[in-house]
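Just below is one structure, and these are the notes that go with it.
The values are calculated or read from the model by the stated rules, or taken from the named source; none is laboratory data. Note that the structure is a prediction, hence the values are computed from the model and not measured. Neighbour counts are summed over all protein chains in view; Cβ atoms, including those assigned to glycine, are modelled from backbone coordinates with ideal geometry. Areas reflect the complete protein model, heavy atoms only, side chains present, ligands, DNA and RNA absent. Shrake-Rupley method; radii C 1.70, N 1.55, O 1.52, S 1.80 Å.
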Amino acid sequence: MRYLSLIILFFLSGTSWGQSYQVTGKIFDHAGKTLAGAMVYIHETMQGVVSDEFGRFELKNINPGHYHLHITFIGFETIHDEIDIINANIDKHYVMAESTLEIKQYLIEESILKTREKENSLKIEIVDKRFLAKHSGFTFIHQLASLPGMHVMSTGTGIAKPVIRGFSFNRVIVADRGIKQEGQQWGWDHGLEIDAFDVERVEIIRGPVSLLYGSDAIGGVIHIRHPELLPKNSAMGAVQAVYRTANHQIGWTAQGRAQIKDISIGLRYSQQDYGDYRVPADLFIYNSYQLPLYNNRLKNTAGKERNFSTWIGLNQNWGYSIITLSRVFQKSGFFSGAHGMPQAYQLEDDGDSRNVDLPYQEIEHWKAIWNNNIHIRKGWLELDLGFQQNLRTEYSYPHSHGQDYIPDTTNIEHRFELQTFAGYLRYHINSRHAIHWIYGLNAQYQHNRSSGFSYLLPHFNWTQGGSFLYLRKEWKNNLTLNAGARIDFSYQEILRYEMPKYNQQGDVIGISLKTAGFNRFLVNGSGNIGLSWTLDSVHTLKWNIGSSFRVPAITELSANGIHHGTFRHEMGDSTLSQERGVQFDFIIDAYRKKWHLSFSPFFYYFHNYIYLRPTGQFSPLPDAGQIYQYSQANSIQTGLELQCDVHPVKNLHINTGIDYVFAINMDEGYPLPYIPPGSIKTDIEYELPIRKLWNKGTYIKIITEGVLPQFLPGKNESPTSGYFLLGLATGSTFSWKGLEIDLKAEIQNMTNQTYMVHINRYRLLNLPEPGINAIISLTFSYQNGFTLPKRANKKS
């Protein structure tokens, strides 16, 4: 933090606060009619205004410099314009083109690189709250699963992790407002500590992004952005309620925001309560034993969430500064047969489908984030600072797994206390010859302490950081070069961990060594080069070659114990090397007025890829099954994504996404585990032509998902059958005197199909996914401007 402060002071020494200017203009459609209500937004300062009834807008007090201007309006393509303010005001007219393609309406420039979609050489998808509202899911990650290349690895209905192109766990980064989310993401049963109601803008980068984000970003990044600020002197409030029948989930959220001159404030509270979820089965088979599912429910899969967030910000002509504080609390039960070997007596109905009994977990995640964007010299300095505290506690009966004698003093099986401090610094500057430079630094420190009657993860301290240089060069507005290089270091301090042994009287009779202490220091470099070539108004070709890396996670180095629910003893290896990857991406994009086609094949080669290898030896711990050792091998991961968005006739929208991944261990000749099978997802949406003054739109949508069998499972994995799911959704938006009411309903798995998702945790017990699920959502929101009272002049 001291070094970062010195760097900021150095840049601030060159800051000039001279004369300011204004940007004005008018907005028209293709017929020359002015557009009232368009949002005009400056990316660097987060300042925005709404065009008036004559299509005019005015942005005042803009310092000299280079800016990215965005204009958005529902039903029209987003406009991106780069403007240079030197020593005069700017007045421009913009003509917005109508578009029935949602991707054209949602599109906003990628935030870290400040590039438009056609300038990027990687596949970047950007979705907003309109997209998320139309794609229901048990969690935020489920809402993104309709995109090609995106899948969900879940434990029940309340715990979910993202999978991008077959990568998961510590190979995919989730970032929130510029800060990497740090919980215990190595665990299959550890979900994201993210409030699904508090997500409005998301960037999904598919492919290697180690250059920008460092280790762990070899598969991709999901970046949650801060909500757009309101126009000056305006306020809004909203209440949303959601109900789901599969687990009788009742969720609601309330929020309020205001922009008072240059100060923005926001507050949100959310909560969810859900019961044991239903499946279309009354029994399951495990190890040739037939076990019952009473009332078609998975006992003890209920849970709850209690979340809040608040923020305050200042945005002026020099940039913006926003502080966000949030707390996420989750309590979720584990299926009664998922800890230890399933037993029939554990599954008996207790008469309450909403209670949470042992075993279960509680997670409390605090997060403080400070985002800054400051106009300095001829560029923009971005500074993101974050602190996170993740407290995860897993509760279980001490004797339920056949452990050595443990005194009946606690039900805490695992307790992980993780604190993370992180800082990211980036300086953007445009030089001559159409070159945009980014200089970046980042640092992160983690401190973890573990406890509980069972062992899995040791105490550790982990310091890592890096620096990078990135450039973007444009030629004749149709060819863009993206290139960069990065160097990183990692210092891991794993502390010696011992646990006491007890006799039947509860006396300590010895010490059991779980992990010997050791330190590791690693240095690595990475880079990438890519081209984006706009052939004409329709076609764009993109190539990207990247070198990526990943530092072994602490669990991969030092785990030594039962990971319940996976029914195996996991053992780390302190000699593991870091993963290295060479990754090739190719993209073809084609746009017409009524259709969009995108084809994205990829080929990735990894040296020292880390995976869990079955050893053939059984653990000495009861109910632990076979020992799985973290090992390394050379591997190949390849596949493709195809996305087609078509509007054959007015008001009809057909969106289809296809993806397939193949991954193989080159040393042993076996497929890699946890790879989702190929799938095809289609949405057919029709907007009813019944718009009235009070009805802003009504749609109906058919949703289908076809999944291929996974006939190439990993070693010791079982194959899974294919399946086809059918869903139906509808929604209407009503508006009256500033009040907007949004009503949506959806039925998932309409045919009550019995199926298993290959990468989900409960598949190991041959347990099917939830059956038919009806969802209803109702949102009330109100937004309006206000006039601040003028101060009375004081009489002399």
- Task: Scan (1) closer than 28 Å to V279 by Cβ; (2) surrounded by 21 or more Cβ atoms within 10 Å (Cβ to Cβ) for the single condition K134 breaks and write down its number.
- Result: (2)
- Query: If T155 satisfies every condition in (1) farther than 14 Å from D216 by Cα; (2) modelled with pLDDT under 90; (3) touching a Ser or Thr at 6+ places or on another chain (Cβ under 9 Å); (4) open to solvent by 10 Å² or more (accessible area, probe 1.4 Å) but one, which is the exception?
  - Reply: (4)
- Query: Restricting to strands (runs of 3 or more DSSP E) lying wholly in the range 151-226: which have 2 or more residues that are touching a Lys or Arg at 6+ places or on another chain (Cβ under 7 Å) and among the basic types (K, R)?
  - Reply: 201-206
- Task: Kindly indicate whether Y455 is within 22 Å of E362 (Cα to Cα), out of contact with any strand residue (DSSP E or B) (no Cβ under 7 Å at 6 or more places or on another chain) and at pLDDT below 95.
- Result: no
- Query: Scanning the range 695-715 for residues that are of a type in the set (D, E, K, R) and at pLDDT below 95, which turns out most open to solvent (accessible area, probe 1.4 Å)?
  - Reply: K696
- Task: Using the structure shown, decide if V23 is more than 16 Å from N373 (Cβ to Cβ), under 34 Å from the mean Cα position of the chain (by Cα) and assigned by TED's automatic domain parsing to the domain that holds A88.
- Result: no
- Note on the structure: Taking the range 225-245 and keeping residues modelled with pLDDT of 95 or more and more than 26 Å from K737 (Cβ to Cβ) leaves Y243, R244, T245
- Contact list, first residue from the range 701-729 and under 10 Å from V757 (Cα atoms), second anywhere and among the aromatic types (F, W, Y) and surrounded by 15 or more Cβ atoms within 10 Å (Cβ to Cβ), beta-carbon distance below 6 Å, six or more apart or interchain, is V707/Y723; Y723/Y755
- Message: I'd like to check something: does the range 285-295 contain any residue that is crowded, with 19+ Cβ neighbours inside 10 Å and within 23 Å of K331 (Cα to Cα)?
- Response: yes
- Going through the range 505-564 one residue at a time, which ones are under 28 Å from S619 (Cα atoms), surrounded by 13 or more Cβ atoms within 10 Å (Cβ to Cβ), out of contact with any Ser or Thr (no Cβ under 7 Å at 6 or more places or on another chain) and not β-branched (V, I, T)? K514, A516, G517, R520, P552, A553, E556, A559, H563, H564
- Message: Looking for something without any contact (Cβ under 8 Å) to a residue 60 or more places away in the chain and touching a Phe, Trp or Tyr at 6+ places or on another chain (Cβ under 7 Å) - is there at least one such residue anywhere in the range 197-216?
- Response: no
- Only one of these conditions is not met by Y424: (1) surrounded by fewer than 21 Cβ atoms within 10 Å (Cβ to Cβ); (2) touching an Asp or Glu at 6+ places or on another chain (Cβ under 9 Å). Which number is it? (1)
- Assuming Q389 fulfils every condition listed in (1) out of contact with any strand residue (DSSP E or B) (no Cβ under 7 Å at 6 or more places or on another chain); (2) open to solvent by 20 Å² or more (accessible area, probe 1.4 Å) apart from one, which condition is it? (1)
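Conditions (1) among the hydroxyl-bearing types (S, T, Y); (2) within 30 Å of Y699 (Cα to Cα); (3) outside the structural domain of H339 (by TED's automatic domain parsing), marked per residue:
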residue: M571; (1), (2), (3): no, no, no
residue: S577; (1), (2), (3): yes, no, no
residue: I588; (1), (2), (3): no, no, no
residue: L597; (1), (2), (3): no, yes, no
residue: Y605; (1), (2), (3): yes, no, no
residue: Y611; (1), (2), (3): yes, no, no
residue: E641; (1), (2), (3): no, yes, no
residue: H647; (1), (2), (3): no, yes, no
residue: L652; (1), (2), (3): no, yes, no
- Message: Name the residue that is farthest from R306 (Cα to Cα), counting only residues in the range 258-276 that are open to solvent by less than 10 Å² (accessible area, probe 1.4 Å) and of a type in the set (S, T, N, Q).
- Response: Q259
- Of the residues in the range 239-254, those that are assigned to a strand (DSSP E or B) and surrounded by 21 or more Cβ atoms within 10 Å (Cβ to Cβ) come to R244, Q249, T253
- Query: Yes or no: I438 in a strand (DSSP E or B), open to solvent by 60 Å² or more (accessible area, probe 1.4 Å), assigned by TED's automatic domain parsing to the domain that holds H414 and of a type in the set (V, I, T)?
  - Reply: no
- Message: So the check is Cβ under 6 Å with 6+ separation or different chains; which pairs have a first residue in the range 319-338 that's open to solvent by 30 Å² or more (accessible area, probe 1.4 Å) and a second one that's among the polar types (S, T, N, Q)?
- Response: Y320/T45; Y320/N373; L325/T310
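Quick grid of which residues meet (1) among the charged types (D, E, K, R); (2) at pLDDT 90 or above; (3) within 34 Å of the chain's Cα centre (by Cα):
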residue	(1), (2), (3)
R486	yes, yes, yes
T515	no, no, yes
N519	no, yes, yes
L531	no, yes, yes
N544	no, yes, yes
S548	no, no, yes
- Message: For the structure I just gave you, tell me whether I690 is closer than 30 Å to G75 by Cα, hydrophobic (A, V, I, L, M, F, W, C), at pLDDT 95 or above and open to solvent by 20 Å² or more (accessible area, probe 1.4 Å).
- Response: no
- Item | Lone qualifier among S718, S735 - being open to solvent by 30 Å² or more (accessible area, probe 1.4 Å), of a type outside the set (A, V, I, L, M, F, W, C), modelled with pLDDT under 95 and more than 27 Å from I141 (Cβ to Cβ) | S735
- Failed condition for G351, given (1) open to solvent by less than 10 Å² (accessible area, probe 1.4 Å); (2) outside any strand (DSSP E or B); (3) of a type in the set (G, A, S), with all others met? (1)
